[in-house]
Amino acid sequence: MPDFVTAVQPTPRARVQAMKEYHPPLGSRDALRLDFNENTLACSPKVREALARISTGQLTRYPEREPVEAIVADELCLDASHVALTNGVDEAIHVLFETFLEGGDELLLPVPTYTMYEVYASATDATVVPVLAADDLQFPFERLLAGITPRTKIIAIANPNSPSGTVAARAQLIELTRRAPHAVVLVDEAYFHFYGETVIDLIDKIPNLIVARTFSKAYGLAGLRLGLLAGPVELVRWIRRVLSPYSVNSLALACLPPALEDRDYLNWYVGEVLSARADFEAAMDAAGLRRWPSRANFILIDVGPQHAEFVRLMRAAGVLVRDRSNDPGCDGRVRITIGTREQMQQAIVALNQTVSALSLGVSAQ
Ligand code: PMP
């Protein structure tokens with residue numbers, strides 16, 4: 001037996017050694033889940049039926065994604081050559097960055113934004129160039145334009161953005177693609193259904209535009225891990241060289257067509273969230289809490305120095321919310337996902353209790 005105790009262990013790449021571990025708080029979530037911007041209720045019952053029909057024989061085979069890609073492309077009025085299904089948008093971001101970013105390149109990133117852009121970029125040899133939004137958390141369009149250099153390789157924009165819920169205008173996105181023709185402009189439309197505006201119709205007109213969509217939010221399939229990239233044929237071809245042909249599993253592929261077909265369910269859920277968002281906004285205004293105008297299924301509020309206690313008291317009242325204090329420019333801010341109207345009534349009760357227990361907002365006067 002060789003002496004394993006004294007053996008020298010292999011070390012990862014220097015960039016990986018410099019990375020921080022990212023551990024989102026996914027444990028102990030048996031409460032009202034207003035912390036991860038998921039669908040808070042259920043997916044379409046048609047998806048459940050499809051799951052029940054899965055045969056063991058189906059599970060023995062490797063998944064074939066092309067037929068489902070054709071169905072999704074059709075739904076989006078695109079040709080299948082423009083669309084790649086992925087294991088959630090997270091895989092889409094990972095693969096896009098692996099395909100395009102190398103040493104000397106820059107990822108231009110408006111912040112605060114979705115954490116995984118920075119995580120995946122920091123595993124490449126590229127440099128992240130953060131562009132901080134002003135206190136109103138509006139899309140920092142002028143600052144982004146000023147940040148473009150010959151080294152800019154990707155500009156990653158969540159639209160609507162998280163955790164702010166604010167949006168970039170279509171004309172601004174188009175202008176960015178024009179001003180950085182040597183860079184990929186990624187528009188991540190994870191929260192599209194709650195916003196209703198898209199640039200996906202432009203992917204065969206703009207040679208450097210890529211759009212991402214997820215089935216984790218409005219469709220309620222976060223556990224299945226389903227996302228997609230849509231872009232010009234040439235860019236999608238490069239990405240496919242890096243993308244695993246097996247990464248979207250058979251269960252996810254079987255569930256996607258019924259999820260797409262059940263438009264009534266999707267429309268019902270989105271309508272429920274939009275109406276609950278208005279109720280919740282009114283409750284926050286009445287409580288005197290500062291909030292940012294949101295076009296997505298969540299709202300960012302300013303709780304101030306007692307943010308950790310706020311999250312703890314909300315949890316004690318059965319409602320999970322997410323402290324975003326560690327995000328750039330977000331000290332004291334908490335993000336609350338919007339669920340159904342009934343769920344948000346429960347959240348409003350918990351919010352009012354917490355606000356008065358901590359003497360926040362109008363209860364401070
Ligand atoms: N993009 C944004 C802007 C998000 O907020 C999230 C999830 N929180 C994702 C992508 C991840 O999507 P998926 O579950 O498809 O990986």
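The values are calculated or read from the model by the stated rules, or taken from the named source; none is laboratory data. All of these numbers come straight from a predicted model, not from anything done at the bench. Quick reminder, even Gly has a Cβ in these numbers, built from the backbone with ideal geometry, and neighbours come from all protein chains shown. Heavy atoms of the whole protein, side chains included, go into the accessibility calculation; ligands, DNA and RNA do not. Shrake-Rupley method; radii C 1.70, N 1.55, O 1.52, S 1.80 Å.
Given the options Val89, Leu34, Pro45, identify the residue whose Cα lies farthest towards the positive end of the charge dipole of region 6-141 (+1 on Cβ of Lys, Arg; -1 on Cβ of Asp, Glu).
Pro45
Net charge near Pro130, counting Lys/Arg +1 and Asp/Glu -1 over other residues with Cβ under 12 Å of its Cβ?
-2
Take the alpha carbon atoms of region 220-249, find their center, do the same for region 156-170, and report the distance between the two centers in whole angstrom.
One Cα centre to the other: 21 Å.
Hey, in the GNM for the chain with a 10 angstrom Cα cutoff, which one of Asn208, Asn267, Asn87 fluctuates hardest?
Answer for the Gaussian network model of the chain: Asn267.
Does region 165-305 classify as rounded, prolate or oblate by the C-alpha gyration tensor (a ≥ b ≥ c root eigenvalues; a/c under 1.5 gives rounded; else a/b over b/c gives prolate, otherwise oblate)?
Because a/c hits 1.5 or more and a/b fails to exceed b/c, region 165-305 counts as oblate.
What nm value, rounded to one decimal, do you get for the distance between Gln306 and Arg179 when each label is placed 7 Å out toward the C-beta?
With each label point 7 Å from Cα toward Cβ, the separation is 4.2 nm.
Among rounded, prolate and oblate, which fits the chain when a ≥ b ≥ c are the square roots of the eigenvalues of its C-alpha gyration tensor, a/c under 1.5 means rounded, and a/b larger than b/c means prolate?
rounded
Express as a percent, rounded to the nearest 5, the fraction of DSSP beta bridges in the chain (both residues included) that run antiparallel.
45 percent
Given Cβ point charges of +1 (Lys, Arg) and -1 (Asp, Glu) and nothing else, what value in debye, to the nearest 20, does the dipole of the chain about its Cα centre take?
Charge dipole, the chain, about its Cα centre: 260 debye, nearest 20.
What's the magnitude of the charge dipole for region 58-161 around its Cα centre, counting Lys and Arg as +1 and Asp and Glu as -1 at the beta-carbon? Answer in Debye, nearest 20.
For this selection, approximately 160 debye.
Rounded to the nearest 10 Å², what accessible area does Asp90 have for a 1.4 Å probe in the complete protein model?
My reading of the accessible area for Asp90 is about 30 Å².
Return the calculated 222 nm mean residue ellipticity for the chain, to the nearest 500 deg cm²/dmol, obtained by summing -39500 (n - 2.57) across DSSP H runs with n ≥ 4 and dividing by the residue count.
Roughly -11500 deg cm²/dmol at 222 nm, from the helical runs in the chain.
With springs connecting C-alpha atoms under 10 Å apart, model the chain as a Gaussian network and identify which of Ala70, Ala230, Ala146 has the largest mean-square fluctuation.
Looking only at Ala70, Ala230, Ala146, the biggest GNM fluctuation is shown by Ala146.
In region 94-228, what percent of the accessible surface is made up of carbon and sulfur (1.4 Å probe, ligands and nucleic acids excluded)?
With neighbouring chains kept in place, the figure for region 94-228 is 54 percent.
For the chain, modelled as a GNM with alpha-carbon contacts under 10 angstrom, which of Pro24, Pro67, Pro130 fluctuates the most?
Of Pro24, Pro67, Pro130, the most mobile in the Gaussian network model is Pro24.
How would you classify region 1-146 from its alpha-carbon gyration tensor, with a ≥ b ≥ c the square roots of the eigenvalues: rounded for a/c under 1.5, else prolate if a/b is greater than b/c, otherwise oblate?
oblate
With +1 on each Lys and Arg Cβ and -1 on each Asp and Glu Cβ, and nothing else charged, work out how big the dipole of region 150-305 is about its Cα centre, in Debye to the nearest 20.
Charge dipole, region 150-305, about its Cα centre: 800 debye, nearest 20.
With a 1.4 Å probe and all protein chains kept in place, how do Asp125, Asp264 rank by accessible area, largest first?
Ranking Asp125, Asp264 by accessible area, largest first, yields Asp264, Asp125.
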